[in-house]
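Engineer: Here it is, the structure in full.
A short reminder: the numbers here are calculations on the coordinates, not readings from a lab. All of these numbers come straight from a predicted model, not from anything done at the bench. Cβ atoms come from the backbone with ideal geometry, glycine included; neighbour counts cover every protein chain shown.
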Amino acid sequence: MTTQHDVQLLLASIVESSDDAIISKDLNGIVTSWNQAATRIFEYTADEMIGRPIAVLAAPDRIDEMPKILARIRSGERVDHYETKRRSKSGRILDISLTVSPIRDSTGRIVGASKIARDITEKKLAEKAIIDQAERLARSNADLQQFAFVTSHDLQEPLRTISTFSELLRRRYSGKLDEHADQYIDLLVGAATRMSTLIRDVLGYSRVVRGDNAPVSRVPSKLMVEWAIDNLQGSIQESGATIELAELPVVVTDESAVSQVFQNLISNAIKYRKPEVPVRIRVQAETKPNEWVFSVADNGIGIAPPYHKNIFGLFKRLHVNGYEGTGIGLAVCKRIIEKQGGRIWVESELGNGSVFRFTLPRPETANTDA
Ligand SMILES: Nc1ncnc2c1ncn2[C@@H]1O[C@H](COP(=O)(O)OP(=O)(O)O)[C@@H](O)[C@H]1O
Ligand SMILES: [Mg+2]
């Protein structure tokens, strides 16, 4: 037989073994019971607390909160999972989740309150650390983007002056000073040109990063490739490259951005060619159920597998000697393709040409069979 006494012992032992502080108080806020977890959390023993006002635990900025809670209890209300702060005996401020409910006697009269308090200090700290970290990251990202944009934009102006006047120096004084002067002027003009390319590319990149998604439209991908080829006429003719276009699908995408991707990939295919071999580039596409997979293949110098990911990073260049460039082209491609919801990667071996592939998602509703 389980007696009333047994049940009370059982309940008492449940209360004692709880991880949460379980406290009861009368309607004047005087503590009437205090479990072990309450001692662990608030550092006061049951002897120290029973008979004393619960207000001992009030955090300095929460003094007026306790009478309000008591008022709600008197009118029969509960307070559920209320997050607040309390102060421990040694003065530590704790984050606490509180549930307070009225205690009634056998006639139903409210005679006090039971209070379950969970210490959520650690949880709060962890949450705050994550939020702080995310905010810091977002802020520094925004700062960086702003910085890249403003500096590259503002650098253009003085650079234009340097370019113009070094060009003028060359035109007017080349051959009239000594040979050192001619060499210095050439170096000056060369450096100014390189810097303006760099600034143009950084600006281009920060525009892609900052820019909103342009609206997508239905566009024959052949047009985008032809636009890229038109822009590269100079280096195509100079290198004698042949560019072969396979059958290319009509796609739905941001036309000008993806045209830029084709231009960057084809210009790399020409630039990183083998010296003695005629350049052959092939652009093709595969239509899959959910996406198009484009490829730009070349017969150039190739890329060793350890660098296949790396080269898509900003300013990452494998071939610093003998090839002009800024290391921004592939980073721009990656940004553009990922904004479109696609992926970009390279398949290559050193010395054996490269195949750059990227995907564009196929919208379900668009009829692009045409
Ligand atoms: N088709 C290619 N063949 C061989 N290497 C390439 C090719 N395309 C890119 N790379 C390598 O990847 C690097 C990054 O390319 P990119 O971002 O376009 O910068 P950049 O052309 O200005 O150097 C290049 O410096 C080069 O080392
Ligand atoms: Mg490039």
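Engineer: Hand me the GluC sites (Glu not before Pro) from segment 43-95 located in a DSSP loop with no more than 16 other Cβ atoms within 10 Å, in residue order please.
Structural biologist: Details: sites: Glu43, Glu48, Glu65, Glu77, Glu83; in loops: Glu43, Glu77.
Listed in order of number, the matching sites are Glu43, Glu77.
Engineer: Can you pull the Rg over Rh of segment 217-361, Cα-only, Kirkwood? Could the numbers behind the result be given before it?
Structural biologist: Numbers: Rg = 14.3 Å, Rh = 15.2 Å.
Rg divided by Rh gives 0.94.
Engineer: Mind jotting down the distance between the C-alpha centroids of segment 28-99 and segment 155-222, whole Å?
Structural biologist: Cα centres, segment 155-222 to segment 28-99: 69 Å.
Engineer: Using only the alpha-carbon atoms, what does segment 60-131 span along each of its principal axes? Please give whole angstrom values in decreasing order.
Structural biologist: 49, 21, 18
Engineer: If segment 126-210 were replaced by its equivalent ellipsoid, with semi-axes equal to the square roots of 5 times the Cα gyration tensor eigenvalues, what would those be, largest first, whole Å?
Structural biologist: Working: eigenvalues 378, 25, 14 Å².
Semi-axes (√(5λ), whole Å): 43, 11, 8.
Engineer: Percent of Cα-Cα pairs more than 32 Å apart in the chain, please. Write out the running numbers ahead of the final one.
Structural biologist: Values: 40380 of 68265 pairs.
For the chain, the fraction of Cα-Cα distances above 32 Å is 59 percent.
Engineer: Can you list the chymotrypsin sites (Phe, Trp or Tyr not before Pro) in segment 273-370 that are in a DSSP coil and have 13 or fewer other beta carbons within 10 angstrom? Spell out each step's value before the answer.
Structural biologist: Working: sites: Trp292, Phe294, Tyr307, Phe312, Phe315, Tyr323, Trp345, Phe356, Phe358; in loops: Phe315, Tyr323.
When the chymotrypsin sites (Phe, Trp or Tyr not before Pro) of segment 273-370 are filtered for loop state and at most 13 Cβ neighbours within 10 Å, Phe315, Tyr323 remain.
Engineer: Another question about this same structure. Percent relative contact order of the chain, based on C-alpha pairs within less than 8 angstrom and at least six residues apart? Let's see the in-between values first.
Structural biologist: Values: 579 pairs, mean separation 37.0, N = 370.
After rounding, I find 10 percent.
Engineer: Using R₀ = 30 Å, calculate the FRET efficiency as 1/(1 + (r/R₀)^6) where r is the Cβ-Cβ separation of Glu247 and Asn213; round to 0.05.
Structural biologist: Values: r = 28 Å, r/R0 = 0.93.
Once the sixth-power term is evaluated, E becomes 0.60.
Engineer: Looking at the calculated P(r) for segment 95-247, what percent of the C-alpha pair distances fall above 20 Å?
Structural biologist: Working: 8978 of 11628 pairs.
Beyond 20 Å sits 77 percent of the P(r) for segment 95-247.
Engineer: Right, another one. Taking the radius of gyration and the Kirkwood hydrodynamic radius from Cα positions alone, what is the Rg/Rh ratio for segment 1-113, to two decimal places? Don't skip to the answer; put the middle values down first.
Structural biologist: On the way: Rg = 14.6 Å, Rh = 14.9 Å.
Rounded to two decimals, Rg/Rh equals 0.98.
Engineer: Further, regarding this structure: What percent do you get for the relative contact order of segment 126-210 when only Cα pairs under 8 Å and 6+ apart count? Numbers along the way, then the final one.
Structural biologist: Details: 36 pairs, mean separation 38.3, N = 85.
So the answer I get is 45 percent.
Engineer: In segment 176-241, what trypsin sites (Lys or Arg not before Pro) fall in a loop by DSSP, with at most 13 other Cβ atoms inside 10 Å? List each step's numbers first, then the result.
Structural biologist: Working: sites: Lys176, Arg194, Arg200, Arg207, Arg210, Arg218, Lys222; in loops: Lys176.
Sites meeting the loop and neighbour criteria: Lys176.
Engineer: Given the options Ile270, Ile303, Ile96, which has the most mean-square fluctuation in a GNM of the chain, springs set between C-alpha atoms less than 10 angstrom apart?
Structural biologist: Most flexible of the set in this elastic network: Ile96.
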